[in-house]
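See below for the structure under consideration.
The values are calculated or read from the model by the stated rules, or taken from the named source; none is laboratory data. In this text the structure is predicted, and so the values were computed from the model without any measurement. A quick note on method: Cβ atoms are made from the backbone with ideal geometry, for glycine too, and the neighbour counts reach across all protein chains shown.
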């Protein structure tokens with residue numbers, strides 16, 4: 001996928017995040033559950049793509065991406081399973097604890113997303129500078 005296409009995809013994903021945050025503020029449970037189900041499928045597909053792409057890269061990067069994706073997917077599944085189990089139990093203390101865990105996880109992932117977004121921007125700038133230098137050398141040589 002071309003760099004500009006990836007940036008467009010990131011912008012679309014950011015818009016989806018804004019829509020989800022808006023639904024959360026409105027406490028629109030049905031809309032949030034629909035969005036969560038849609039995201040679950042998309043995230044599983046993206047996790048597989050990351051693993052496949054990482055396998056094509058250097059061993060160190062491949063290992064880091066695979067491990068990171070696997071940990072995020074495991075934690076997401078754990079939280080989802082825990083919330084589904086406790087949804088049936090309706091125990092106030094457990095529900096409160098689950099909510100805090102889910103909020104903390106979301107906040108942590110937002111921090112990671114912000115970092116990765118900044119890293120992606122840095123990489124885009126670095127790639128553009130490198131391309132400009134390569135083109136300049138090609139013209140002069």
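Just a few scattered comments:
- Residue match in the range 97-113 (condition: surrounded by 13 or more Cβ atoms within 10 Å (Cβ to Cβ), assigned to a helix (DSSP H, G or I) and at pLDDT below 75): no
- Of all residues in the range 25-39, exactly one satisfies the criterion of being surrounded by fewer than 12 Cβ atoms within 10 Å (Cβ to Cβ) and not in a helix (DSSP H, G or I), namely 27.
- Residue match in the range 124-132 (condition: closer than 19 Å to residue 43 by Cβ, at pLDDT below 85 and either not in a helix (DSSP H, G or I) or not assigned by TED's automatic domain parsing to the domain that holds residue 75 (or both)): no
- Condition check for residue 71: surrounded by 12 or more Cβ atoms within 10 Å (Cβ to Cβ), assigned to a helix (DSSP H, G or I) and at pLDDT 80 or above: no
- Which numbered condition residue 118 misses (of (1) at pLDDT 85 or above; (2) surrounded by 10 or more Cβ atoms within 10 Å (Cβ to Cβ)): (1)
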